[in-house]
Every structure is written in structure tokens, then in C-alpha cells.
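Student: Below you will find the structure I want to go over with you.
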Amino acid sequence: MPQASNQPTVLSLDAGTHALCTCGLSKNGAFCDGSHQGTDKTPHILKLDTAKTIVSCSCGSSSNMPFCDGSHSQIGNTQSTPWWKFWA
């Protein structure tokens, strides 16, 4: 199941353990609410020693989950012919 958004989410998190949604079904935004039950997805558990602001992947394509690595910019990005070449 794809994530709800292809844009990254900025999260200001307190120190502690956070369960981040990976299924895109959570009604609790970026945080897991158990909606993944019955799917093959599980939340990403992030443990922080100190409070931190992160940029969380929302598209599911990052190779550095749960952090955004810019992969969302490649989703649906196909090479197309420039408009001026249609009339050449």
C-alpha cells in the first residue's frame, strides 16, 4: 500500500521511542496507529536519545528509512520529449 503523500514530513520529536507509519493508512499522520494490521507492513521504530527534528520519508522509497533521501523526486519522473520536438 503506498504512502499517503510523496512529500517528506518534518517531525519535531522528543527523546524516546517513536513508531512511525510505513503503510500510509494511519489516521495519526506520520505515527503508527495500528492500521497496518492485516498488511505486510510494520511500523518503523525510531529511538532517540535526545529531542531531534527529522525529515521523514512519506513515499516509502528512501534507502535510508525512516529518513527522506530525496527518492520522492524520482517517483513518476519519466523522460519525456520536449514540446518543441513534436513539431520538428
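The values are calculated or read from the model by the stated rules, or taken from the named source; none is laboratory data. Please read all numbers here as calculations on a predicted model, not as lab measurements. Here the Cβ positions follow ideal geometry from the backbone for every residue, glycine too, while neighbour counts run over all protein chains shown. In case anyone asks, the SASA skips ligands and DNA or RNA and just uses the protein heavy atoms, side chains included. Shrake-Rupley method; radii C 1.70, N 1.55, O 1.52, S 1.80 Å.
Student: Would you kindly find the accessible area of Lys41, with a 1.4 Å probe and non-protein molecules such as ligands, DNA and RNA excluded, rounding to the nearest 10 Å²?
Tutor: Probe radius 1.4 Å; accessible area of Lys41 about 70 Å².
Student: Once amide H atoms are placed 1.01 Å from N in the peptide plane, what residues at a sequence separation of 5 or more from Phe31, or on another chain, have their amide H within under 5 Å of its amide H?
Tutor: Excluding prolines and chain starts, which carry no amide H, the hits are Cys21.
Student: First select every other residue whose beta carbon is under 12 angstrom from the beta carbon of Ser35; then total the charges, Lys and Arg +1, Asp and Glu -1.
Tutor: Details: positive: Lys27, Lys41; negative: Asp33.
Overall, the nearby charge balance is +1.
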